Structures are given as structure tokens and as C-alpha cells.
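Let me begin by presenting the structure, written as C-alpha cells, before commenting on it.
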Amino acid sequence: MEDKYISREFQKYGIYLTEELNDYKHKSLYIKLAKTTHRSILEKALTYVSDSNADNKGALFMWKLKELRTAQNGKK
């Protein structure tokens, strides 16, 4: 997906998430997550989703992201 308005790295990564999850309706959500969430958490959730055969990868990604965030907050 080519977008001439992408000027920052987090925007590029948000578009990458959108394409990997095949969820173009929520492109702005993934860009916001790329801006505000630590990259390692996003990578773990994306790896989990890409290893699965889910029909709705966006929902599975958000669920795993929530699990990883609660696990991280529990450690602190």
C-alpha cells in the first residue's frame, strides 16, 4: 500500500501492521498503537497472530496485545 502522506517511522510501521493483519478499516488505530505502544510488545503480538490461522487477525492481535500489556503491568 503506497501512501504519500507517510512522513514518520511510526506511521510506516502502523501501515505495516495494517497490511500484515489485513485490516485496512482500522489503519488509524494501528498507526496510533505504533506511536504509543512499545515496539517489542507490538512485535510479540504480531508474531503470535502470524503463527495462527485466525480469520479475524485484527481481533486476535488486539486480544494478544491486551494480554501482553496486563502481563507487563503485573511485573512492575
- Neighbourhood net charge (14 Å Cβ-Cβ; Lys/Arg +1, Asp/Glu -1) for residue 60: -1
- Helix 57-75 sits off the longest principal axis of the Cα atoms of the chain, rounded to the nearest 10 on a 0 to 90 degree scale, by 50 degrees
- Per-residue Cβ neighbour rank within 10 angstrom, fewest leading, 23, 55: 55, 23
- Rounded to whole angstroms and listed largest first, the alpha-carbon spread of the range 9-75 along its three principal axes comes to 33, 28, 15
- Query: How big is the charge dipole of the chain about its Cα centre, in debye rounded to the nearest 20, if each Lys and Arg gets +1 on its Cβ and each Asp and Glu gets -1 on its Cβ?
  - Reply: 500 debye
- Item | Dipole of the chain [Lys/Arg +1, Asp/Glu -1 at C-beta], most positive-end residue of 54, 15, 29 | 29
- For the chain the mean separation of alpha carbon contacts under 8 Å (6+ apart) over residue count, i.e. relative contact order in percent, is 25 percent
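Give the order of 26, 38 when sorted by the count of other beta carbons within 10 angstrom, beginning with the fewest.
On the way: 26 17, 38 11.
Listing 26, 38 from fewest to most nearby Cβ atoms yields 38, 26.
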- Using θ = phi - 60° and Karplus 6.51 cos²θ - 1.76 cosθ + 1.60, couplings along the range 16-25 (whole Hz; Gly, Pro as x): 4, 4, 4, 5, 5, 8, 6, 10, 6, 5
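May I ask you to sort 24, 5, 30, 48 by Cβ crowding, counting other Cβ atoms within 10 Å and putting the fewest first?
Working: 24 12, 5 5, 30 26, 48 17.
Ordered by Cβ neighbours within 10 Å, fewest first: 5, 24, 48, 30.
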- Message: List the lysines whose Cα sits under 28 Å from the Cα of residue 44, skipping any in the same chain fewer than 8 residues away.
- Response: 12, 25, 27, 32, 35, 57, 64, 66, 75, 76
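Bear in mind that the values in this text are calculations on the coordinates, not laboratory data. All figures in this text were calculated on a predicted structure; none of them were measured in a lab. All Cβ positions, glycine included, derive from the backbone under ideal geometry; neighbour counts span all protein chains shown.
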